[in-house]
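Input: a single structure, listed below in structure tokens.
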């Protein structure tokens with residue numbers, strides 16, 4: 001079974017989605033489960049995990065509603081304010097939602113480089129384990145130092161790093177990112193998504209050869225049992241089509257055993273998210 005561990009839906013609103021700048025104008029429209037279902041049929045994808053793009057509880061409800069209506073949406077990573085004093089009651093409220101698998105905060109957008117280490121946020125993360133919720137880590141490379149300290153505080157919490165921590169592939173930034181990713185990978189409760197890579201390269205001129213050193217590092221650091229395939233659809237459309245995104249990963253892992261390929265393309269996501 002092939003599972004896309006990372007994609008989004010939205011009804012486009014200029015203010016809410018102001019992060020979609022002029023260079024990404026191609027995705028300034030609605031993206032629905034019906035749109036994705038067609039893409040998956042064309043590319044042999046069996047199911048997916050829908051991940052939050054907006055930081056509201058309404059977003060979480062929107063994704064859960066989509067998952068209830070479409071069986072191919074196997075799980076949801078929602079949003080809740082993990083810093084809030086009421087986080088325990090919020091998590092309790094959602095604990096009976098079988099398709100809600102975890103939460104994410106857009107940490108990459110926080111001006112505080114040490115956002116992950118703030119006491120109120122740590123309190124929220126500590127509350128996740130009671131309900132077996134996982135946590136998706138969305139950061140830029142300059143936040144990886146805090147990320148390392150963060151994951152070490154919760155050795156029993158399941159984490160996954162989105163988009164291989166968004167290295168600046170376009171600028172050939174590698175060494176600083178690589179050192180910290182290798183350290184983070186030593187924590188066996190941390191997984192990593194092979195996702196969101198082509199949009200960190202030059203949208204128009206990227207090649208697999210430019211991205212493969214980053215994929216190599218992740219494969220060697222995390223191993224084939226802690227890597228998840230993800231498309232980052234529809235964001236990926238600013239730099240390529242779905243087929244190109246999938247091929248980037250499948251061609252790269254073709255050198256691995258059939259069992260290892262199956263793990264990366266679906267089985268790891270099923271285990272990590274308890275799909």
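Under the condition of being in a helix (DSSP H, G or I), in contact with a helix residue (DSSP H, G or I) (Cβ under 6 Å, 6 or more places away or on another chain) and farther than 13 Å from residue 265 by Cα, the residues counted in segment 215-236 number 6.
In the condition set (1) in contact with a helix residue (DSSP H, G or I) (Cβ under 8 Å, 6 or more places away or on another chain); (2) at pLDDT 95 or above; (3) surrounded by 15 or more Cβ atoms within 10 Å (Cβ to Cβ), residue 20 is compliant with all but (2).
Take residue 117 and tell me if it is within 26 Å of residue 62 (Cα to Cα) and either modelled with pLDDT of 95 or more or out of contact with any helix residue (DSSP H, G or I) (no Cβ under 7 Å at 6 or more places or on another chain) (or both). It is false that residue 117 is within 26 Å of residue 62 (Cα to Cα) and either modelled with pLDDT of 95 or more or out of contact with any helix residue (DSSP H, G or I) (no Cβ under 7 Å at 6 or more places or on another chain) (or both). Taken over segment 243-275, the criterion of being crowded, with 20+ Cβ neighbours inside 10 Å, under 15 Å from residue 7 (Cβ atoms) and touching a strand residue (DSSP E or B) at 6+ places or on another chain (Cβ under 6 Å) is satisfied by 249, 265, 266, 269, 273. The sole residue among 148, 144, 128 that is in contact with a helix residue (DSSP H, G or I) (Cβ under 8 Å, 6 or more places away or on another chain), surrounded by fewer than 20 Cβ atoms within 10 Å (Cβ to Cβ), modelled with pLDDT of 95 or more and part of a helix (DSSP H, G or I) is 148.
Scanning segment 38-65 for residues that are in a helix (DSSP H, G or I), touching a residue at least 24 places away in the same chain (Cβ under 8 Å) and under 16 Å from residue 233 (Cα atoms) turns up 39, 40, 42, 43, 63. The lone criterion from (1) buried (at least 23 other Cβ atoms within 10 Å of the Cβ); (2) over 20 Å from residue 102 (Cα atoms) left unmet by residue 233 is number (2).
Counting residues in segment 98-119 that are closer than 26 Å to residue 69 by Cβ and assigned to a helix (DSSP H, G or I) gives zero. Across segment 1-17, the number of residues qualifying as over 19 Å from residue 197 (Cβ atoms) and in contact with a helix residue (DSSP H, G or I) (Cβ under 9 Å, 6 or more places away or on another chain) comes to 6. Check segment 45-57 and report whether any residue there is loosely packed, with under 12 Cβ neighbours inside 10 Å, within 20 Å of the chain's Cα centre (by Cα) and modelled with pLDDT of 95 or more. There is no residue in segment 45-57 that is loosely packed, with under 12 Cβ neighbours inside 10 Å, within 20 Å of the chain's Cα centre (by Cα) and modelled with pLDDT of 95 or more. I'd like the residue in segment 66-79 that is free of Cβ contacts under 8 Å to residues at least 40 places away in the same chain and under 15 Å from residue 134 (Cα atoms) and, out of all such residues, is surrounded by the fewest Cβ atoms within 10 Å (Cβ to Cβ). For segment 66-79, the residue satisfying everything is 79. All of (1) surrounded by fewer than 17 Cβ atoms within 10 Å (Cβ to Cβ); (2) assigned to a helix (DSSP H, G or I) hold for residue 188 with one exception: (2).
Does residue 134 qualify as being touching a residue at least 12 places away in the same chain (Cβ under 8 Å), over 19 Å from residue 54 (Cβ atoms) and crowded, with 21+ Cβ neighbours inside 10 Å? Yes; evaluated as a whole, the condition is true for this residue. Within segment 80-94, being surrounded by 13 or more Cβ atoms within 10 Å (Cβ to Cβ) and in a loop (DSSP other than H, G, I, E, B) holds for 80, 81, 82, 83, 84. Across segment 151-184, the qualifying residues are those that are assigned to a loop (DSSP other than H, G, I, E, B) and either on the phi > 0 side of the Ramachandran plot or touching a strand residue (DSSP E or B) at 6+ places or on another chain (Cβ under 6 Å) (or both), and the one among them that is surrounded by the fewest Cβ atoms within 10 Å (Cβ to Cβ) is 172.
The values are calculated or read from the model by the stated rules, or taken from the named source; none is laboratory data. Source: prediction; values computed, not measured. Methodologically, a virtual Cβ is constructed for each residue, glycine included, from the backbone with ideal geometry; neighbour enumeration extends over all protein chains shown.
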